[in-house]
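Below is one structure; the comments refer to it alone.
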Amino acid sequence: MARPEPTTVLAALGFSPAVERTYEQVLRHSGQRVAYVAAALLRSPEELLSELDPLVARGMVRVTDDRVHVESPAQALARLIVELSEVASHAQTELTALASAVPLLVARAARPPDSEHHVLPIDGEVSSGGDPGALIASLIRNSLGDLSWLRPEQWRAPRERDMLEVVRELIASGRRSRAIYPVRALREAPDIVRARAAAGEQIRVVPEVPTRMFVIGTSHAVVPDPLGFVDEPRILVRQQGIVEALGLLFEMMWERASPVPELEQREGRPDLRAFLLRQLATGAQDEQIARQLGLSLRTVRRRVADLMSELGADSRFQAGVEAVRRGWL
């Protein structure tokens, strides 16, 4: 079932009614000290700061010099639109630059080789016709490596159900699938996006996805020719350097994309405590953990502190040792 249309600015930005109420309460006290605002809302300063975490994470509330500064809804919306537009514009610029290399995928040597330099053809081909879904399914089943997708509008395709089964089969085998969607997919095709998430696919969203793209590890990539939303003609690339370049482009977009926490599975979901311990054991910083969980930095730091307190540890190293001793890892 599709979600109801938002009725307020904060609801449209994804905030819960509770967060929206907190925002409305603190807005009238913008510029006041934390203790004053907390008292006005019948909260302790710690409780107030905790409730403000989601708004601080989105930049709508700032706490500086022990004062609470709140953006108006109009200011916040204008700023967020500019930020998202900059992200989309940057991705479009990168993809446009990459498009200039596409003709090299099927290029042949334009000059005769000499004794020192040999121009070799790129491993790949341009094709049309056939069944693109069957092509992708065959590539997945007969290759190794994780999957990376840019999916601007593939959920409209009639073969989406068949592709879902392929993704489910791949993830069950231990491989990983990650996909970046335009944010409108959450409104236009919520059931399809949830089905991919339920199959185990990791999903993030950006304002706009400028082209289709599909990458398998470092062995294969498929992009339309020219870049965009068409099924054909399409370029199948096997040249490792170019596949790796497309993979790096995906990683850059993935880092800038926003997680969708509500798409996480409720059953079989990794225990947050174990996840935090594994991340700490690998030396991950709080900022990196916050990005992976889609939480604010303040929330991650509070949960790490609670975990260390639960373990009776004074350092992250001690926490790891104690967690192993207790069998938590």
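Observations on the structure shown:
- Test: Leu170 is under 22 Å from Val230 (Cα atoms) and either over 18 Å from the mean Cα position of the chain (by Cα) or in a strand (DSSP E or B) (or both): no
- Helices (runs of 4 or more DSSP H) lying entirely in segment 1-116 (those with 3 or more residues that are in contact with a helix residue (DSSP H, G or I) (Cβ under 6 Å, 6 or more places away or on another chain) and at pLDDT below 85): 73-99
- Criterion violated by Gln292 - all others in (1) assigned to a helix (DSSP H, G or I); (2) surrounded by 16 or more Cβ atoms within 10 Å (Cβ to Cβ); (3) at pLDDT below 75 satisfied: (2)
- When segment 202-237 is filtered for residues that are charged (D, E, K, R), under 18 Å from Gly133 (Cα atoms) and either out of contact with any Pro (no Cβ under 9 Å at 6 or more places or on another chain) or at pLDDT below 85 (or both), the ones remaining, listed by number, are Asp225, Asp231, Glu232, Arg234.
- Screening the candidates Arg58, Arg33, Arg43 for the property of being over 17 Å from Leu10 (Cβ atoms) and buried (at least 16 other Cβ atoms within 10 Å of the Cβ) yields one hit, Arg43.
- Test: Glu208 is surrounded by fewer than 18 Cβ atoms within 10 Å (Cβ to Cβ), assigned to a loop (DSSP other than H, G, I, E, B) and within 17 Å of the chain's Cα centre (by Cα): yes
- Evaluation of Gly133 against (1) small (Gly, Ala, Ser); (2) at pLDDT 85 or above; (3) crowded, with 17+ Cβ neighbours inside 10 Å (one fails), failing number: (2)
- Checklist (1) in contact (Cβ under 8 Å) with a residue 40 or more places away in the chain; (2) crowded, with 16+ Cβ neighbours inside 10 Å applied to Pro226, failing item: (2)
The values are calculated or read from the model by the stated rules, or taken from the named source; none is laboratory data. Model, not experiment: these values are computed from the prediction. As a convention, Cβ positions derive from the backbone with ideal geometry for all residues, glycine included, and neighbour counts pool all protein chains shown.
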